[in-house]
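Working notes, beginning with the structure itself.
The values are calculated or read from the model by the stated rules, or taken from the named source; none is laboratory data. Keep in mind that what you see is a predicted model, and the values were worked out from it rather than measured. Glycine also receives a Cβ, built like all others from the backbone with ideal geometry; neighbour counts cover every protein chain displayed. Side chains included, ligands, DNA and RNA excluded: accessible areas come from the protein's heavy atoms. Shrake-Rupley method; radii C 1.70, N 1.55, O 1.52, S 1.80 Å.
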Amino acid sequence: MHGAAQARKYRLQGAGLDLALPYLMLAPGLMIVLGVLVYPLWDGLRASTKIYRYGSPVADAGFQNYLRLWSDAQFLNSLWVTVKFVALSVSLEAVLGFALALFCLREFRGIRLLRTVLIVPMVITPVVVAILFRLIYASDAGMLTVLSEAMGGGEVQILGNPLNAFIGLVVLDVWEWTPLMFLILLAGLQSLPHEPFEAARVDGAGAWRVFADLTFPMMRPVLAVAIVLRTIDAFGTFDQVFVLTRGGPGEATRLISIYGYDTAFKFQQTGYAAALFVTIGLVVLALAFSAIRLLRRIDAS
């Protein structure tokens, strides 16, 4: 009788361990998520409602930091520069990435080496890319100036001219991140079914008709995902701008990330900078949800 009770006790203990084991295995991952994602987010939200002096909170501000953003001319200008930068960069990257993916879809000698070379820029650290382009754009001994002087021209002003600096920043971003678009779109093209294309060729459809009637419509979901991912990432561009122009000349390349950094660390307005980044995070989330809804509509149609 005593042995049966002991066996029943051990079975219950084993069942309890089986129930607890999944939670015990999930605990380390959950703790990391709480420490790395949830706590910083909560601390950022808390900081955005306070006024700081020399790194310490001195008063509650409520939603004043958030309201102040929309009357801050520098914030609005940085937001406008960021929107222009993201729209221009992502559009060019999508077009070039799609064109490269279509070209590299063919099989010919050396295609594997070409595909490998094309993705090299995206594996280089952004800071290194920015230093490389700073050497290219330098007006005194940069590569562009050397080429210009070799052809009888003068100094090439990129970083000293507001418009040229903005275009130079877009060129840097396009050079670095077009490979990401290329990679996603090439994978999408390779996953398309072959039967519709073979039927179109049998019917005598030309290359343009095949692209317009089959390739592009079938690639729209993949293209939308690539654009959404790149747009979210482009909103947070910081390293390249910080190394290349630090937001100058003037405010020509002052993206929202640079303005937030200056506000937090140069002007010591920690609460206001937290409100700024929370607002931008909400804007990006809204864009992501809008894109997801768009994708669902595309799938439904």
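The table that follows gives values for the structure above.
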{"read-out": "Selection status of residue 144, more than 25 Å from residue 94 (Cα to Cα), surrounded by 14 or more Cβ atoms within 10 Å (Cβ to Cβ), in contact (Cβ under 8 Å) with a residue 24 or more places away in the chain and of a type in the set (A, V, I, L, M)", "value": "no"}
{"read-out": "Near pairs, Cβ below 6 angstrom, 6+ apart or cross-chain, from region 171-194 (polar (S, T, N, Q)) to any residue that is open to solvent by less than 10 Å² (accessible area, probe 1.4 Å) and part of a helix (DSSP H, G or I)", "value": "178/93; 178/97"}
{"read-out": "Residues satisfying the stated conditions in region 94-141, i.e. among the basic types (Lys, Arg) and either in contact (Cβ under 8 Å) with a residue 12 or more places away in the chain or open to solvent by less than 30 Å² (accessible area, probe 1.4 Å) (or both)", "value": "115, 134"}
{"read-out": "Residue 117, sole failed condition from (1) more than 17 Å from residue 182 (Cα to Cα); (2) assigned to a helix (DSSP H, G or I)", "value": "(1)"}
{"read-out": "Tabulated pairs, region 227-242, first closer than 21 Å to residue 182 by Cα and in contact (Cβ under 8 Å) with a residue 12 or more places away in the chain, second outside any helix (DSSP H, G or I) and not acidic (Asp, Glu), C-beta under 8 angstrom, 6+ apart or interchain", "value": "237/255"}
{"read-out": "Residue that is in a helix (DSSP H, G or I), under 19 Å from residue 92 (Cβ atoms), open to solvent by less than 20 Å² (accessible area, probe 1.4 Å) and among the aliphatic types (A, V, I, L, M), where the choices are 241, 228", "value": "241"}
{"read-out": "Helices (runs of 4 or more DSSP H) enclosed by region 132-219 - at least 3 residues per element that are more than 21 Å from residue 107 (Cβ to Cβ)", "value": "143-150, 162-190"}
{"read-out": "Cβ pairs under 6 Å, 6+ apart, first in region 149-162 and without any contact (Cβ under 8 Å) to a residue 24 or more places away in the chain, second hydrophobic (A, V, I, L, M, F, W, C) and open to solvent by 40 Å² or more (accessible area, probe 1.4 Å)", "value": "156/144"}
{"read-out": "Residue that is nearest to the chain's Cα centre (by Cα) [pool: residues in region 20-64 that are open to solvent by 100 Å² or more (accessible area, probe 1.4 Å) and under 15 Å from residue 275 (Cβ atoms)]", "value": "41"}
